[in-house]
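The next block holds one structure in the form of structure tokens; read it before the comments.
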Amino acid sequence: MDFLAVNLEVLEQRFPKAADLIRQAGESKERRAEISRQGATVYQALRNGCWVNITSGYNPRAEADRQTEGLSLAEAKLVFVVGEAGFYHLESILEALPSDDMGERRLLLFSQHPEYLRLVLATRDVRTLLADERFYLFLDSTWDTLKAALQQVIGADIYDIPTFTWFVHPVEEELQGDFCRDFRSFLRLAYTTALLDHHTTGAFEQWWLHNFVCNIPYLMQAVSLAELAETWRGRPVIIVGAGPSLNKNIEQLAEAKGRALILCVDTAYRSLAQRGIVPDLLVTLDGSPMNAEHMRGTDYKEVPLLLDVSSHREILRRHGCSSAKVVLSASGYHLAWWQRILGGEDGYTSLATGGSVATAAFSFARHIGADPVILVGVDLSYPNGACYARGTLHAERTLEEVRSERSLYPVPDIEGNTVMTTADYRYYLRWLHANAALQERRYINATEGGAVREGFEIKTLRAVLDDDCRVWQPVAVWKNRLRPGRVAAPQMAKVERNLRRSYREMKTALRLWNALAAAAKKYLRQLEEEDYSQTDAFLTYLSRAQLKLNDLSLAMSFLDAHSYKAVYTDIKMADSIRQEREKHSDGEKLKLSARQTYNLILNLRDLARDSLPMHRDALASMESVLKEMTNGECPQSLQTSQREYGDPRTPLGHAL
């Protein structure tokens with residue numbers, strides 16, 4: 001039998017690109033397959049001039065069963081595998097996977113070596129494995145491509161982070177050590193990122209959206225990242241965090257002015273301002289009300305802001321419309337609504353911010369071409385039990401207070417000693433270490449404490465100033481690039497009109513949801529009384545309402561922007577109903593579905609109600625900025641009537 005031909009024929013039906021790569025790959029000089037005396041196909045690798053077995057020469061399938069027997073497969077939806085070996089381990093895992101009525105379980109093999117796969121396909125009949133719908137193959141010689149595929153798999157469903165386990169073939173780990181380590185590390189990072197995004201979105205989506213709509217007039221004048229790419233190439237950037245080690249060298253930062261571009265995180269700005277040190281950019285991303293506290297009582301109008309579209313609206317308002325701003329991150333579910341309001345693409349690009357202001361500043365420094373990238377005050381841990389630098393808002397916070405609220409984890413500090421950190425700090429550490437591992441430029445940690453180590457040179461700030469920041473840099477010239485753009489009056493008027501249209505549509509949507517809630521409540525009560533005669537009438541009513549809601553494109557797009565929690569709840573309720581379906585009669589199933597529908601209607605009604613004050617605040621923000629731009633005279637075309645800004649309960653006719 002021509003194993004290669006028949007295996008590729010099956011593989012090509014499911015993974016044609018992988019089949020082409022394997023077909024084009026030459027025979028491996030590093031691996032071979034032999035038939036043992038027991039008749040088993042044994043896979044070997046050339047190591048230090050000798051052929052060593054990758055799989056057992058006696059019973060490779062029994063060996064694979066032993067290797068994989070410790071995997072936690074009962075709850076895992078995804079099983080990630082690294083290591084080609086002879087596919088025996090893949091067959092063992094597939095056989096052990098529990099039955100899956102929903103078709104959600106997957107076995108995913110990641111490989112950088114088409115020649116290794118070719119060897120297996122040329123020497124064994126593995127058609128059953130290749131045809132199994134649970135088996136997926138990701139093949140590419142480029143690690144970045146495989147990383148992107150891994151992220152896509154994990155984030156395929158924004159409402160559900162799939163349970164998983166992984167298996168790295170023990171012999172392949174010795175042969176492909178770097179790839180196996182990189183894969184395991186990135187898998188952990190990707191899952192942590194997905195979980196953080198999931199929980200953060202559920203907790204903060206309404207804050208984000210409220211901030212965003214109020215920030216619109218400021219964002220329209222901000223500088224895009226695309227305009228700044230590689231504009232500081234080969235020049236030093238210093239990123240100043242608010243960690244406790246900042247106390248050691250904060251006074252020396254004054255010497256760096258004009259010799260490096262200084263990026264300061266918002267939590268550290270108060271400390272610098274108290275010492276008369278003005279950074280070149282101020283990084284603020286967090287849209288929570290707590291974050292606005294860091295900037296209250298400080299004057300930062302002359303410092304350009306590096307911001308997210310959902311940074312806290314009070315910070316942007318106090319900064320003013322005539323001060324320079326750069327949009328660092330423009331991601332989020334609200335962008336579809338924003339493009340409708342704007343009438344086209346927003347022109348923003350986004351960076352991977354890493355989840356914190358310090359990691360965001362790090363990404364920005366790399367984006368503008370900085371070299372070296374220098375950290376100061378970035379501990380990401382609690383050295384000697386301290387939490388923040390002196391002069392910061394929470395300088396008095398102690399490690400014991402942190403311990404009472406959150407779990408702590410030991411990590412090595414820059415000297416190899418143990419220091420404690422939190423789960424989020426540990427994530428940021430791993431993110432920095434993973435990105436610094438690229439070594440495409442110099443990374444220096446001049447914090448003089450803390451836990452940032454891997455990929456960074458460890459130096460004192462004094463040594464950095466003497467060695468790496470000796471030359472005057474064109475900081476002032478570069479900052480001229482950040483001057484806010486002048487938005488044409490017609491464009492501003494167009495956005496304002498669309499905002500008002502969105503507001504009017506939302507009031508109509510609220511009345512629709514109120515009517516639907518009343519109808520669903522009445523229908524549910526009828527079902528509880530065992531009256532099923534109104535089912536068709538209710539479904540017809542629901543369909544009519546849906547058609548009317550679909551006409552309110554701006555309002556529905558806005559609701560999409562902060563309905564993550566509502567939709568997630570609905571999905572989980574549907575999953576619960578589906579799992580219990582066999583236990584219920586047809587009437588009980590109908591009641592469960594009706595309760596689910598009623599619950600979703602109530603949640604969306606509440607979101608529509610909460611959206612109205614957001615719109616009013618957005619319109620007030622727009623008017624305030626326009627008055628500032630026109631010396632207190634708001635153009636007639638942008639004045640709004642009491643009816644447009646009035647009480648959302650004002651009747652404008654029945655919705656249905």
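Bear in mind that the values in this text are calculations on the coordinates, not laboratory data. Being a predicted model, the structure only gives us computed values, none of them experimental. Counting neighbours? That spans all protein chains shown, and the Cβs are built from the backbone with ideal geometry, glycine included.
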(message) Tell me which GluC sites (Glu not before Pro) from the stretch 31-92 have a DSSP coil assignment and no more than 11 other beta carbons within 10 Å of their own.
(response) Glu69, Glu75
(message) Suppose we look only past 21 Å in the calculated P(r) of the stretch 3-175. What percent of the Cα-Cα pairs does that tail hold?
(response) 48
(request) Check cross-link reach from Lys325 to the lysines: straight Cα distance under 18 Å, and skip same-chain residues fewer than eight apart. (result) Lys301, Lys479
(message) Loop-only GluC sites (Glu not before Pro) in the stretch 359-445, please: DSSP not H, G, I, E or B, and at most 16 other Cβ atoms within 10 Å.
(response) Glu396, Glu415, Glu440
(request) Set Lys and Arg Cβ to +1 and Asp and Glu Cβ to -1, take the dipole of the chain about its Cα centre, and tell me which of Gln473, Gln221, Pro490 lies farthest positive. (result) Pro490
(request) Return the calculated 222 nm mean residue ellipticity for the chain, to the nearest 500 deg cm²/dmol, obtained by summing -39500 (n - 2.57) across DSSP H runs with n ≥ 4 and dividing by the residue count. (result) -15500 deg cm²/dmol
(request) Hand me the chymotrypsin sites (Phe, Trp or Tyr not before Pro) from the stretch 503-538 located in a DSSP loop with no more than 16 other Cβ atoms within 10 Å, in residue order please. (result) Tyr532
(message) Taking a ≥ b ≥ c as the square roots of the Cα gyration tensor eigenvalues, with a/c under 1.5 meaning rounded and otherwise prolate when a/b beats b/c, else oblate, which class fits the chain?
(response) oblate
(message) Quick check of the Kirkwood formula: for the stretch 361-415, what is the inverse mean of 1/r over all pairs of different Cα atoms, in Å?
(response) 13.6
(message) Taking amide H atoms as placed 1.01 Å from N in the peptide plane, list the residues 5 or more away in sequence, or in a different chain, whose amide H sits under 5 Å from that of Ile54.
(response) Tyr43, Gln44, Ala45
(request) Please give the length that would be gained between Thr298 and Glu529 if that part of the chain were fully extended, namely 0.36 nm times their separation in residues minus their C-alpha to C-alpha distance (nm, one decimal). (result) 76.9 nm
(request) Of the options Gly57, Gln67, Gly450, report the single residue whose Cα projects farthest towards the positive end of the charge dipole of the chain (beta-carbon charges: Lys, Arg +1; Asp, Glu -1). (result) Gly450
(message) Give me the dipole magnitude in Debye, nearest 20, for the stretch 346-488 about the Cα centre, with unit charges on the beta carbon: positive for Lys and Arg, negative for Asp and Glu.
(response) 580
(message) Could you give each residue of the stretch 357-371 its phi-based ³J(HN,Hα) in whole Hz, using Karplus coefficients 6.51, -1.76, 1.60 with θ = phi - 60°, and x for Gly or Pro?
(response) 5, 5, 5, 5, 4, 4, 4, 5, 4, 5, 4, 8, x, 4, 6
